[in-house]
Amino acid sequence: MSSPPVVLIRLLLFIFLLVPFVCWAELEVELLGIQEATDAAAGYVHARGGSREEHLLDIPNRVRDAVEFGVHRGAAVALTVAHVRSGHVLHHLVGLPEGQELANHDGSREDFEEAADAVVDLVPAEGIVEEATGGLGP
């Protein structure tokens, strides 16, 4: 039968030699999962950069760009719909020069781009991102 110090030494050797390999393997699996999630999120928003860290840092910028684009596009479409449905000329309400004529309905959206730019400047993209992500924004 082994003496207690020999058993203790064997147990300690087991703990110090085998357990770290098990922990490293678990950490490696978690790291791979985090890398895959990072790559998926960065790919979804087309994040820029050469490394994962740069991709992660660029995600808030790309989300903000997408929100601003969406606000801009939505404002232009809303103004076009209001113009077409109401039958009223709305250019004087959005700051376009007097005398500018609306050539056709297909060109209405382009005519409202300037107004949409003004709306984007007024709507804080950060607030929209924060609200859309449940407070998880930058």
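Given 0.36 nm per residue, what is the gain on full extension from R48 to L11 after removing their alpha carbon distance, in nm?
That pair, R48 and L11, stretches by 8.3 nm at full extension.
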Multiply the residue gap between A25 and A78 by 0.36 nm, knock off their C-alpha separation, and tell me the result in nm, one decimal place.
13.6 nm
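Here, each number is a calculation from the coordinates, and none is a lab measurement. These numbers were taken from a predicted model, which means no experiment stands behind them.
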